1. Kirkwood hydrodynamic radius (Cα pairs, Å) of the range 287-400?
2. Which value, in nm² and rounded to one decimal, describes the direction-averaged projected area of the C-alpha convex hull of the range 344-407?
3. Compute the helix-to-body angle for 202-211: its Cα long axis versus the longest principal axis of the chain, expressed 0 to 90° and rounded to tens.
4. So, with +1 on the Cβ of K and R and -1 on the Cβ of D and E, and no other charges, what is the size of the charge dipole of the range 224-313 about its Cα centre, to the nearest 20 debye?
5. Between Val342 and Val378, how many nm apart are label points set 7 Å from Cα along the C-beta direction?
6. Using +1 on the beta carbon of Lys and Arg, -1 on that of Asp and Glu, and nothing else charged, what's the dipole of the range 183-273 about the Cα centre, debye to 20?
7. On a 0 to 90 degree scale, rounded to 10, what angle separates helix 177-195 from the longest Cα axis of the chain?
8. Given a cut-off of under 8 Å on Cα pairs at least six residues apart, what relative contact order in percent is computed for the chain?
Amino acid sequence: MTDPVEPIASRPAHLTRAAALETVAVAAALLFKNGQTTERVVLAAERLGHALGLPLTLHSHWGELALHVEGTPFAKMVAATPLGVDMGKVLAIMKIVDQVCDGTLSSEAARPAFTAVEHLPPASTLRFALFAAIGAASLGVIFGALDAASLLLIASSAGIGALVRRWLARLGGNPFIQPLCAAAIAGAVTAAARRFQMSEAPALVALCPCMMLVPGPHILNGAIDLARTRIALGIARLTYAGLIVLMTCAGLSAGLAAGGATLPDVGSSAPVPLVADVIAAGCAVAGFGTLFSMPWRLLPLPIAVGMLAHAARWALISLAGAHVAAGALAACILVGIIVTPVVDRLHLPFAALGFSAVVSMMPGFFLFRAASALVALVSIGPHAPADLLTSVVSNGATAFLIILAMTFGLILPRMLFERFLPAPAPRRQPAVVPDTRSN
């Protein structure tokens, strides 16, 4: 099918309908593949389409996006699978969309700009490994590992795992290989630490580097899709996240087995002083922000918000005796209230700030406690004690409640702001004159 040249109304540049549709498709696919929430992808695509004179609707599915031009038979399918999280690219794409919609960037220049963003490099390998180590050690502090030897082992394990992940990413291939290998390194380090008695908290030496592998944005994006009744996409996202967690557990078990060890008993986390918890939370947010390729200039805001949220969570749990899920709910509501007007005013991606500020609260600790109990239950068989089953159910339910509370806490302020303080409607451009000639 060949499109005649059709000028986009009110634009100095001239694009065919096919070129305009391709431009929107490229932008939507990049946002979708790099961790933007589905709702923001849909709104950005439709806003850009109106700016280019193509009123359209976007339908998202796992593996593809479908764009339909309103009032015409024209549609486009583009392959896009939301496997990655790169907030630097999300921010750059949203900035280009704003420029096109505001008229400061021509429609003809938009496509090359999107293509340039697609080839932007992620965070440097040195920064990636260093902040992975800092983030894992910070999680160790949050969960009660305060001796220097344990923190050094946690940081070393996470840093080496990050280097291996970056090397595997350059080779390409299956996305599940990276968490599998990184978790295996954590298991091997833990086995060595137990054999030579180098740590007072061997369980945290095993789990904290693995908690850096928990796909928090994918879990939260999937839960948000379910909340917005995108059932199929939400289930697909959660399934992908679940497989990453499964590969992480398998890698950890393999690394421990290779060293002739088993997963140490994971007891209750020791209480941590407020100052240590808040500072560690800020470092953990910086670590996760780097894993998501967040630009340096954006890091201070989620760090500050994350520290404030952790302080509120600590006060509710330690002083008021609240359940950990209730603490996460209150902290995420606070984050949503602070972040939502900021991202709307500065045209920043909500996921870049909101997710990074709270992702250190993801229940990786409870997930791995449930997984370790489940492995022990299966290995022992019918003679397993009843408390193993209780541990699986209790920790699994706690993890589920925390994820549910975090999702609700994040999206409630977002939805309330959209309901009572809606953003100005995009300036609607005249639609392209439909082509009445035969194709």
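The values are calculated or read from the model by the stated rules, or taken from the named source; none is laboratory data. On a predicted model such as this, the values are computed, not experimentally measured, just so you know. Positions of Cβ are generated from backbone atoms using ideal geometry, with glycine treated the same way; all protein chains shown enter the neighbour counts. Keep in mind that these areas ignore ligands, DNA and RNA; they rest on the heavy atoms of the full protein, side chains included. Shrake-Rupley method; radii C 1.70, N 1.55, O 1.52, S 1.80 Å.
1. Values: mean 1/r = 0.0627 Å⁻¹.
When all Cα pairs of the range 287-400 are included, the Kirkwood radius is 15.9 Å.
2. Values: hull surface 19.7 nm².
Mean projected area of the Cα convex hull: 4.9 nm².
3. Taking the Cα atoms of the chain, the angle to 202-211 is about 0 degrees.
4. Numbers: 5 positive and 3 negative charges, 75 e Å.
So the dipole magnitude of the range 224-313 works out to roughly 360 debye.
5. 4.2 nm
6. Details: 5 positive and 3 negative charges, 44 e Å.
Result for the range 183-273 is approximately 220 debye, rounded to the nearest 20.
7. Its long axis makes an angle of about 20 degrees.
8. Numbers: 738 pairs, mean separation 78.5, N = 439.
Relative contact order for the chain comes out at 18 percent.
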